[in-house]
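Worksheet for the structure shown next.
The values are calculated or read from the model by the stated rules, or taken from the named source; none is laboratory data. Since we're looking at a predicted model, the values are computed, not measured. Cβ: placed from backbone, ideal geometry, glycine included. Neighbour counts: every protein chain shown.
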């Protein structure tokens, strides 16, 4: 497949924050690509750099005290190094973001209808009435009951789940080709989480979008993504099809992540496995594999030399480990 | 919202009642006997009694209050014993000057504070922010009577701009340009004090608001920085600004007498000081009542505006 057909091509992307403690490499050299109409999962613990990565890809990192290098080619537009003015042209129309916490990502003193149709009026030059019409359509599309009345509600008058639907409606207003969903369900009740994820799935099919789903919850990505990227300390440590990552993972960290999430099949009162230790301090990264201090399989080599991504059996399945787990290909899936 | 407004209105009436009782009682706190003031020290007890009856001073104090407040509500605040003019007409002549001074000073203060706070909050600790921070802090510590004296020295005396010096007040109805000239220096002086407060309050609130996630969200819509500032950041950052404006404007009404007195501008503050000096108690009482009710009303209006600006407040 030629790179022209890819919606997104990311190469050696590095995002470094200037902090009082020195430069902090939140994203430390990430490369991947994304097809049209694909759903990609980015998984990792808090602080693994997944949120910073998703923002850097669309150029939405903070405007000060950050340096970005490498390349992120989004629908033919080079995001890295682009001016704010240039990026405004792709924001909303090529790429849009569903933010993490609907309690903080909506303007509390602006009616939700105005927040949805703002970009329609300002960017697409729609008249007040046709923008309002479209906003009500969008509210209906994301499953908000009585959208006519909700149009003039303030965010504080809606529940968390409804607010997240509004956030999605805002993201959809410009008909983006790529939707970034950064932990879209973290702030919500469990029952609402599934509703929001199903809504995203449905909208993706209906509107022919690509979706990048960023989460710490493997349960969220299991049935909804075609491929998964596992991140640790700002780098990709394993990447492959959802099936590969779940059933034929080679990186011990991936297995640890899988074991630490609850499973329906386990008997009740089964203790969840926790990963010993803590994610590393990005200000003081050691030379070797970042996961080595917490890894049961770590050797001296792991502590001295960082493993690069290497191909596993299946095409597109990559992992970064000196002592990978044995492949389960051919064996019966658990 | 309606319930909130009604609740505040009831509170407002309560406060105004307390103020009116206080102003009424003010006159009773004064030492001396009104009969002695009017009739002189040689008055006989019989004459005194007749006068008490004429003035209604023999009746219980609450009855006296209700008679008085009834008159006040009809616009009758009595006639000054000193100048023999009606207190209400004296106040009616002076109050518009205060209003004009306040309006002018607030236009100047807001016109400077809002754009400058928006600029400097975009780069906290940047060059502009540091310069404005130091300047506003310096201005904050210079009292208004120093500023007005320096302004008179340079603008009225050195540059010789007409109508700007002391005792050169021209009424609005006679010549509006000369009127503006005569109010320029006091309005500017009052504006400095307001500007410093507004600039500092709005700057710090804007800096906090710009950190919010909904600003990043607004950015991700691809709208201009200008629009993000005015439409998304300004409104949620203006609650403290409006609150301090309410207090500040009330303060100017009650305490703007320094510049008025120094330049002999016949507003309420100037009139009040003269009334105090001449022991014109009825006039003092009238001005205290009008100013206090004015301060309460201004704060009520600003509370109301804050509620419209930030609907979260009345909902909670």
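The residues in the range A:183-211 that are touching a strand residue (DSSP E or B) at 6+ places or on another chain (Cβ under 9 Å), more than 30 Å from residue A:130 (Cα to Cα) and within 14 Å of another protein chain (Cβ to nearest Cβ) can be counted, and the count is 2.
Taken over the range A:268-303, the criterion of being farther than 18 Å from residue A:258 by Cα, exposed (fewer than 10 other Cβ atoms within 10 Å of the Cβ) and within 24 Å of the chain's Cα centre (by Cα) is satisfied by no residue.
Residue-wise test of (1) closer than 30 Å to residue B:229 by Cβ; (2) modelled with pLDDT of 90 or more.
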residue	(1), (2)
A:3	no, no
A:14	no, yes
A:39	no, yes
A:44	no, yes
A:61	yes, yes
A:70	no, yes
A:85	yes, yes
A:104	yes, yes
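Every test in (1) surrounded by 20 or more Cβ atoms within 10 Å (Cβ to Cβ); (2) assigned to a helix (DSSP H, G or I); (3) under 23 Å from the mean Cα position of the chain (by Cα) is passed by residue A:135 save one, and that test is (3). Look at (1) in contact (Cβ under 8 Å) with a residue 12 or more places away in the chain; (2) not in a loop (DSSP other than H, G, I, E, B) and you find that residue B:63 fails only one, number (1). The residue of the range A:1-34 that is farthest from residue A:211 (Cα to Cα), among those that are in a loop (DSSP other than H, G, I, E, B) and touching a strand residue (DSSP E or B) at 6+ places or on another chain (Cβ under 7 Å), is A:6. Checking each residue in the range B:219-241 for being assigned to a helix (DSSP H, G or I) and at the interface with chain A (Cβ under 7 Å from one of its Cβ atoms) picks out B:219, B:227, B:232, B:235, B:236.
Here is the figure for the range B:261-272: residues that are modelled with pLDDT under 90 and assigned to a helix (DSSP H, G or I) total 3.
One residue stands out in the range A:100-132 among those that are buried (at least 23 other Cβ atoms within 10 Å of the Cβ) and in a loop (DSSP other than H, G, I, E, B): the one that is farthest from the other protein chains (Cβ to nearest Cβ), namely A:102.
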